[in-house]
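To start, the structure itself, in structure tokens.
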Amino acid sequence: MNNVRPSGLNGQALEVDLTDVPSMPEIVRVVPERCFTRQTATSLAYLFQTLFIQVIVVFIGFSIPRSPGMFPVWVLYSLVSGTTAMGFWVLAHECGHGAFSDNRKLETFIGYVLHSMLLVPYFSWQRSHSVHHRFTNHITDGETHVPLVIGGDGVHEQAGGENEIESFKALGRIKFGIFQLITHLFAGWPAYLLFGKTGGPRYGMSNHFWPRFPFSSKLWPSIWSKKVWLSDCGIVVVLFLILIWAKIFGLVSVLTIYMAPLLVVNCWLVVYTWLHHTDTDVPHLSGNDFSFMRGAFLSIDRPYGKLLNFLHHHIGSTHVIHHISPSIPHYHAKKATLAIKRAFPKVYLYNPTPIHKALWSIASNCIAVKAEEGTSRYLWQKL
């Protein structure tokens, strides 16, 4: 363990083995039964809450002059509007998990519309995200934020860990960390959708809009390839509406009111997923060391504060229980999180490090993993 840099978790995840992890029946026994239920009216109320906030923000946006001297104001507006709009992303994400309503047609319609508005292919992402949940922190089968491996063969593991370390040494920690932040936050999401970047090696170079050659089809078995095309239909409709908007009100209107805030939404998505599943002393697993529940308990809850928790429906502070039971709606997740935290303190991960410090720590320290001798664990190397 001397070659692992401890985080605010103080190596807790490294002290856990498979026998410590509770089973789903044990989870059901300690989490209040009500937490597993969905109330359509409540979910719709949260949707209208987010919509009401966003309408106010957009109304303010249309009142700001579009002149060069107002550029700093537009930057601030983009940060605010993108942050409030992230609430739509979270609710669409709940639809994809079946956590929004027991009315599946209504749930699918809302999720499809919300994600299409954010240029997210709904069914494509629903499929890849379900794989991510099934194989969280699995070194081969994981989907999103699967690390490069020192000595990786490119088939069973992501190769390139040695090259990443050489880049780190050449640039130095600060420059490399800045490079990591820029590439992850601004290019990470489109790179994942278009080329499957940071996805597991099992699935090849996938594309969320094109489920066939020249891209890999391994992520889209059976009917899912047809659902990819259906997802594209929603994206095409939204792009057409954006073109009409630009023609009537001008390209600057689209860039300031829609595109710039959307970049901020995408940044928030990367921040959440990166911090949910990465830390300097959180391992990745393979073989007999892995199970669905073991992977779920490698998710990390973090302190996002009252405002972000309110706007983003607690997605960052209740993510462990979300991975354990994704169909639990966010308005029950706080109570369910408290239950598992009390019942299973050894395996529940909460890192109290402030978000900005945690983000920098991960960007500047989580470079590549190496297989731990005699185990099926892969650990971030301390440099």
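We did not get these values from a lab; they are worked out from the coordinates using the rules stated. Fair warning: this is a prediction, and the values are worked out from it, not measured in the lab. When we count neighbours, we look across all protein chains shown, and the Cβ atoms used for this are built from the backbone with ideal geometry, even at glycine.
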Report the extension gain between R29 and L194 in nm, rounded to one decimal, defined as 0.36 nm multiplied by the number of residues separating them, less their alpha carbon distance.
55.2 nm
Can you pull the one-decimal nm distance between simple spin-label points at S291 and E162, each 7 Å off the Cα toward Cβ?
3.7 nm
Net charge (Lys, Arg +1; Asp, Glu -1) of residues whose beta-carbon lies under 14 Å from that of H138, H138 excluded, is 0
Roughly what % of DSSP beta bridges within the chain run antiparallel, to the nearest 5?
65 percent
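Could you tell me the relative contact order of segment 164-282? Use alpha-carbon pairs under 8 Å, at least six residues apart, and round to a whole percent.
Values: 70 pairs, mean separation 25.0, N = 119.
Relative contact order for segment 164-282 comes out at 21 percent.
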Taking the Cα-to-Cβ direction at T19 and at N2 and moving 7 Å from each Cα, how far apart do the two end points lie in nm?
2.8 nm
Compute the signed sum of charges (Lys and Arg +1, Asp and Glu -1) over the other residues within less than 9 Å, Cβ to Cβ, of A358.
+1
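Quick one: of K175/K370; K227/K370; K346/K382; K105/K227; K334/K357, which pairs are farther than 27 Å apart, Cα to Cα?
Working: K175/K370 23 Å; K227/K370 37 Å; K346/K382 24 Å; K105/K227 15 Å; K334/K357 24 Å.
In this structure, K227/K370 lie more than 27 Å apart at Cα.
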Net charge of neighbours whose Cβ lies under 14 Å from the Cβ of H312, counting Lys and Arg as +1 and Asp and Glu as -1:
+1
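Hydropathy at least -1.0 by Kyte-Doolittle, axial extent at least 24 angstrom from the Cα trace: which helices of the chain, defined as entire DSSP H runs, fit? All intermediate terms of the calculation are to be shown ahead of the outcome.
On the way: long enough: 40-63 (35 Å, 1.66); 71-97 (39 Å, 0.85); 224-249 (37 Å, 1.54); 260-277 (27 Å, 1.17).
Membrane-span-like by this rule: 40-63, 71-97, 224-249, 260-277.
Relative contact order for the chain using alpha-carbon pairs under 8 Å, separation at least 6, rounded to a whole percent?
Contact order relative to length: 28 percent.
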Which shape class applies to segment 194-275: rounded if a/c is under 1.5, otherwise prolate when a/b exceeds b/c and oblate if not, where a ≥ b ≥ c are the square roots of the Cα gyration tensor eigenvalues?
oblate
What size of dipole, in debye to the nearest 20, comes out for segment 60-171 about its Cα centre when the only charges are +1 on Lys and Arg C-beta atoms and -1 on Asp and Glu C-beta atoms?
600 debye
Charges only on Cβ, +1 for Lys and Arg, -1 for Asp and Glu: so what's the dipole of the chain about the Cα centre, in debye to the nearest 20?
800 debye
Inter-label distance, nm, simple model (7 Å from Cα along the C-beta direction), F59/L251:
3.1 nm
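As a test of the formula, what do you get for the chain when each DSSP H run with n ≥ 4 contributes -39,500 (n - 2.57) and the sum is divided by the residue count, at 222 nm and rounded to the nearest 500 deg cm²/dmol? If you can, show how the numbers build up before the last one.
Numbers: 16 runs with 205 residues, N = 383.
Helix contribution divided over all residues of the chain: -17000 deg cm²/dmol.
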Length released on extending from L51 to K226, taking residue separation times 0.36 nm less the Cα-Cα span:
59.9 nm
